[in-house]
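What follows draws every value from the coordinates through simple rules; no lab data is involved. All figures in this text were calculated on a predicted structure; none of them were measured in a lab. All Cβ positions, even for glycine, are placed from backbone atoms using ideal geometry, and neighbour counts span all protein chains on display.
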Amino acid sequence: MAAIASALLIFGGLRDSGPRSQQDRIDAITMRLACPTCQGESVYVSRASAAEAIRAEVARQVGSGLRTDDETIAYIEQRFGSQVLLLPRSSGIDSLVWALPIAALICGAAALGVAFRKWRTADDGAVSAEDSALVNAAMASKNVTDSNS
Amino acid sequence: MLSEKKAKRVAPIAATVVGIVLVCLLWVLVSAKPNPSDNADSPLLGQPAPAVVTTTLEDKPFDLARRKGSWVVLNFFNSTCVPCRIEHPLLLTFVQNQLSTDNPAEMYTVINDDNDSAVLAFFAENKGDWQKIRDNDGTIAVAFGVAKVPETWIIDPNGYVRLRIAGQLSEGLLDEQMSILKVQFGS
């Protein structure tokens, strides 16, 4: 029962929510674009004139129905450069933004794994001769003290 | 112990590698030269100019595609923008100088996020009898990727974008660049 409920939840969460209105598309596109004259604001929220002009252009392109969301974003990117993308592309040199943290994570995890393994191999529970001699000497001196008292 | 000996061997190597990387980064920073050109980059350079179909302040139709055969200068302008106001005398000089050349360039002011009356008042006060074209919803600015004014663009007689100057013009820059372009691409 739990498995069925989980599967239904996953299916419900992932399925297409149905056709989007033009306004939904405009909002989705402008949320992915950075205002070219502001710091850290999307075109969707910005009230700057450049952002308003981009919003109007997006609305025009969505209204014409000639371009997909990605094509509309590519049009704006071609004009203003890749800095207008809030999410960097996953191709070309920009893909390093995505790949490098993952590579660093994998390398770090691998390095930790190797280090832990070495520490465990080095500390295998066996007592070294040097340590045994120290313990024996300490025990012997304790025994002498006990017998004297 | 063996691991300590190994660590003692690895540490200098790691430190050397990190040091070399840092020195390389420093070298890149020190040797980097600023772009000496006044011209701004744009993916539109060398490409056909975007379509510009609008009206002038006199309510006459304007279509950039119909200006083929002439060099066209588009100056994106706002009457409240200080650099736009400062560079205005340079545009007047440029237009005057062009009159004495073969195939003088046509100057157009693209009104960016401004109202007609403010632009008319500015030009009445500061001169400049060239056409002012409307861009009420920012279509032209977006088509050229103009985020801030002033910006000046040059379109060649075949309708290709040849130059973008972002920001305020410096003295003589537009004349100099136009002369170079006319030699390069033919007047």
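Here's the list of lysines a cross-link from residue B:8 could span, going by alpha-carbon distance under 20 Å and ignoring same-chain residues fewer than 8 apart: A:118.
Among the listed pairs B:68/B:182; B:68/B:132; B:60/B:182; B:60/B:132, those with a Cα-Cα distance over 20 Å are B:60/B:182.
3J(HN,Hα) along the stretch B:80-85, derived from phi through the Karplus expression 6.51 cos²θ - 1.76 cosθ + 1.60 where θ = phi - 60°, amounts to 9, 8, 4, x, 5, 5 Hz, with x in place of Gly and Pro.
Taking a Cβ cut-off of under 14 Å around residue B:120, the surrounding Lys, Arg, Asp and Glu residues balance to a net charge of -3, with basic ones at +1 and acidic ones at -1. Taking every DSSP helix (H) stretch of at least 4 residues in chain A, weighting each as -39,500 (n - 2.57) and dividing the sum by the residue count yields a mean residue ellipticity at 222 nm of -22000 deg cm²/dmol. When chain A is treated as a GNM with alpha-carbon contacts under 10 Å, the residue of A:67, A:47, A:117 showing the greatest mean-square fluctuation is A:117. Of B:112, B:126, B:78, the residue with the greatest mean-square motion in the GNM of chain B, using alpha carbon springs below 10 Å, is B:126. For chain B, the longest principal axis of the Cα atoms and the long axis of helix B:173-185 meet at an angle of about 90 degrees. Residues whose amide H comes within less than 5 Å of that of residue B:52, counting only those at least five positions distant or on another chain, are B:64, B:65 (H built at 1.01 Å from N in the peptide plane). Remark: the Cα gyration tensor places the protein assembly as shown in the prolate category, a/c being 1.5 or greater and a/b exceeding b/c. Relative to the longest principal axis of the Cα atoms of chain A, helix A:2-14 runs at roughly 40 degrees.
The stretch A:51-108 and the stretch B:118-174 have Cα centres separated by 27 Å.
Between 0 and 90 degrees, the angle of helix A:129-148 with respect to the longest Cα principal axis of chain A falls at about 50 degrees. Applying the Karplus relation 6.51 cos²θ - 1.76 cosθ + 1.60 with θ = phi - 60° to the stretch B:106-122 yields 3J(HN,Hα) values of 9, 9, 9, 8, 9, 6, 10, 6, 9, 9, 4, 5, 5, 5, 4, 5, 4 Hz, where x marks Gly and Pro. Taking amide H atoms as placed 1.01 Å from N in the peptide plane, the amide H of residue B:163 lies under 5 Å from those of B:154, each 5 or more residues away in sequence or on another chain.
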